[in-house]
Amino acid sequence: MSAGVALSKLSLLGTSPISSIPNVISNITAIPIGQLTIAFIFILVLLEAIVLRRQFSWQNLLQLIPGSLFGWFIDAFVRFFHSLPNQGRL
């Protein structure tokens, strides 16, 4: 999934819904999309804790692990794919 996000960002074809907000902020700022995706997932888990209140358990925090890996891999794939030739890039 991370490779798909990186390819869609670099090809300017758009991104998936989970990566659209980090992508827009990444285009405005100099912060990489993967780091913003990690921050966005942390915010979503915080909002989940607020909404669920007492039903939120420590096990729900485990979703931060794959979320962080997802963001890290997005940045790794963006760096890797950026070196590939692209005829459409200006």
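The values are calculated or read from the model by the stated rules, or taken from the named source; none is laboratory data. Everything numeric here is computed off the predicted structure, so don't read it as measured data. Cβ atoms come from the backbone with ideal geometry, glycine included; neighbour counts cover every protein chain shown. Each accessible area value is taken on the protein alone, full model and side chains, heavy atoms only, with ligands, DNA and RNA left out. Shrake-Rupley method; radii C 1.70, N 1.55, O 1.52, S 1.80 Å.
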With under 16 Å from Pro66 (Cβ atoms) and either in a helix (DSSP H, G or I) or hydrophobic (A, V, I, L, M, F, W, C) (or both) as the only criterion, which of Leu44, Leu7, Leu36 stands out?
Leu44
Qualifying residue in the stretch 35-46 (condition: exposed (fewer than 15 other Cβ atoms within 10 Å of the Cβ) and at pLDDT below 95):
no
Name the residues in the stretch 53-90 that are among the aromatic types (Phe, Trp, Tyr) and either part of a helix (DSSP H, G or I) or modelled with pLDDT of 95 or more (or both), would you?
Trp58, Phe70, Trp72, Phe73, Phe77, Phe80, Phe81
Might you check whether a residue that is open to solvent by less than 50 Å² (accessible area, probe 1.4 Å), out of contact with any Lys or Arg (no Cβ under 8 Å at 6 or more places or on another chain) and within 24 Å of Ser8 (Cα to Cα) occurs anywhere in the stretch 55-66?
yes
